[in-house]
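A.B. asks: Pasting a structure here, questions to come.
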Amino acid sequence: MIDLERFSRDHWGPLRRHAYRLTGSILDAEDAVQEAMLRAVEMGPALDSAGDPAEWLHVAATEAALALLHERPPLALDAFELPDLVQTPGPGAPPFAGEEGWPGVDLPFLFPLQYMDPEQRAVAVLRDAHEDGDRLAAAALSATLPEVFQIAEAAGRRRAEVRRRWGRNVPSAPPGDDPASTRTFARFTEALGLRDKALLQGLLLGEAEMILDGRRESGRAFVATACAEALGEAGDDARFTPVWLNGCRGLLAWAWREHRDEWRRGAALLALCAGSHVRTLNWETDGHILRSIRAEEPG
């Protein structure tokens, strides 16, 4: 009989991270993990003869994630979206308590997966995370190893296409903590705090894109204006908290409603710096990203 509490404690975090990489969705990841755990409970004592429980669970979670991924088509190459983002530790950032199981997922790895077929995505994730990922992929896909190799090649070609199309918006590697990026981020934060459209425009690449309430803005002038207007709606109390989002430098805009004793997290902003300019913005007035980032009232 499975000790469900111990079993969950040992496997839930790594499995949730795996499912999140597969789906790009926090909610879908939770659903996939729950489905895998339910299957483990139904297996009962028979699970002991299934070999490595961790491998068995990763295959089960992959199968559950594939079922969810088949319900929605992959992104078209000309569409730009960012996956659900969770705050993760980055260089110089302290560990973030309360989000066990999410860390270590870089946006440069996760972003191209959105454009892949479910099978390509599964093979790419399992290959990246497991030394014997091809064998696990074959089990999850009910495929032969040669078929898995073909899927992996197709996934590699798709990743290259995505990087050629969107490489100026989402870099192929995290910006790290280099001095140029740090200076750019500081100037960008100052420009946001001043709501200065001209300063913001000077820091943005021409291809910068912003999503606000489902409306898209693109180009330096449009994005800078939209940023300033959105912050204006937050009032004079808007504050900025540096965070690390999936391995990339980010910023949380937030405010405190003293008279109502509640947080007002009006927007979350992702700023990817590339030496001298901010590459990509994703401004969300609601959604999963705000459920995963925490800001505390300064003492």
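A.B. asks: Would you mind stating whether Ala155 is farther than 21 Å from Pro83 by Cβ, aliphatic (A, V, I, L, M) and either crowded, with 19+ Cβ neighbours inside 10 Å or touching a strand residue (DSSP E or B) at 6+ places or on another chain (Cβ under 8 Å) (or both)?
C.D. replies: When the stated conditions are applied, Ala155 does not pass them.
A.B. asks: Starting from region 178-200, take each residue that is more than 14 Å from Thr241 (Cα to Cα) and surrounded by 15 or more Cβ atoms within 10 Å (Cβ to Cβ) and list its partners that are of a type in the set (S, T, N, Q) and modelled with pLDDT of 90 or more, counting only C-beta distances under 8 angstrom and pairs at least six apart or across chains.
C.D. replies: Pairs that qualify, where the first residue is more than 14 Å from Thr241 (Cα to Cα) and surrounded by 15 or more Cβ atoms within 10 Å (Cβ to Cβ) and the partner is of a type in the set (S, T, N, Q) and modelled with pLDDT of 90 or more, are Lys197/Thr225.
A.B. asks: Can I ask one more? Hey, Ala140 hits all of (1) aliphatic (A, V, I, L, M); (2) over 20 Å from Met116 (Cβ atoms); (3) assigned to a helix (DSSP H, G or I) but one; which does it fall short on?
C.D. replies: Only one criterion is unmet by Ala140, namely (2).
A.B. asks: Only helices (runs of 4 or more DSSP H) wholly contained in region 1-77 count here; list those with 1 or more residues that are at pLDDT 80 or above and surrounded by fewer than 16 Cβ atoms within 10 Å (Cβ to Cβ).
C.D. replies: 26-43, 53-69
This table checks each residue for (1) more than 20 Å from Phe109 (Cα to Cα); (2) modelled with pLDDT of 95 or more; (3) not assigned by TED's automatic domain parsing to the domain that holds Cys248.
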| position | (1), (2), (3) |
| --- | --- |
| Glu131 | no, no, yes |
| Ile151 | no, yes, yes |
| Pro179 | yes, no, no |
| Phe188 | yes, no, no |
| Ala191 | yes, no, no |
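Listed here are the residues, each with its yes/no results for (1) outside any helix (DSSP H, G or I); (2) closer than 16 Å to Asn282 by Cα; (3) β-branched (Val, Ile, Thr).
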position	(1), (2), (3)
Ala191	no, no, no
Leu199	no, no, no
Gly206	yes, yes, no
Phe222	no, yes, no
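The values are calculated or read from the model by the stated rules, or taken from the named source; none is laboratory data. Model, not experiment: these values are computed from the prediction. Reconstructed Cβ throughout: ideal geometry from the backbone, glycine too, with neighbour counts over all protein chains shown.
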